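Here is the structure we will look at.
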Amino acid sequence: MTALTYLGGYPEPLKAQVLQLIEGGKLGAFLAKRYPDSHSIQNDKALLAYTMDLKHRYLRSSAPLAKVIFDGKINVIKDALGLHTYVSRVQGNKLKAKNEIRIAALFKAAPPAFLKMIVVHELAHIKEKDHNKAFYQLCQHMEPDYHQLEFDLRLWLTWRDLEKGAQ
Ligand SMILES: [Zn+2]
């Protein structure tokens, strides 16, 4: 029995379909067909440019970003697909709050649509700290397919773990 670690919040019939794909050995082919492309965002500099481009397009008036980096230490299982941190530091007697975005390094090897989804997710957190309705509306404003992509990303993470386990 395969544990669907990344799909915990989804309805049972949907999870049953996923299990069918896995048990039929078809999940990899299913994903490869739907997401055949790779992307060239392979370092922090490229990630920063990519993120700023989206921010300028959709969140021009939001607070500035201090830092955008790939982070090899993010543990995706803990729901922290990316990691948006709001760092407060005392500088002289002024308290400065800085927005930082850390994206799990595994997204270097993910299909471009998933990289976009996770960057959109982290950008939305600049305005909305919680995963509430306004947060998801903002995500969909930047990426209309947001919810489908989040589900497919979770499928891809599931498949990735299965592949690792099979080696
Ligand atoms: Zn989040």
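Just so you know, all these numbers are worked out from the coordinates, no wet-lab data involved. In this text the structure is predicted, and so the values were computed from the model without any measurement. Cβ sites come from the backbone with ideal geometry, for glycine too, and all protein chains shown count toward neighbours.
Pop a pseudo-label 7 angstrom from the Cα along the beta-carbon direction at both Phe151 and Lys33 and give the gap in nm to one decimal.
1.7 nm
A 25 angstrom limit on the alpha carbon distance is what I want to check against. Which of Lys45/Lys127; Lys33/Lys133; Lys26/Lys164; Lys73/Lys129 exceed it?
Checking Cα-Cα distances, Lys33/Lys133 exceed 25 Å.
Set the Förster distance to 30 Å, then compute FRET efficiency between Lys127 and Gln42 from the Cβ-Cβ distance, nearest 0.05.
Efficiency for this residue pair is about 0.60.
Measure off 7 Å from each Cα along the Cα-to-Cβ vector at Leu14 and Gln137, then give the distance between these two points in nanometres to one decimal.
Roughly 2.1 nm, to one decimal.
Show me the ranking of peptides 39-50, 114-125 by mean Cβ neighbours inside 10 Å, starting with the highest.
114-125, 39-50
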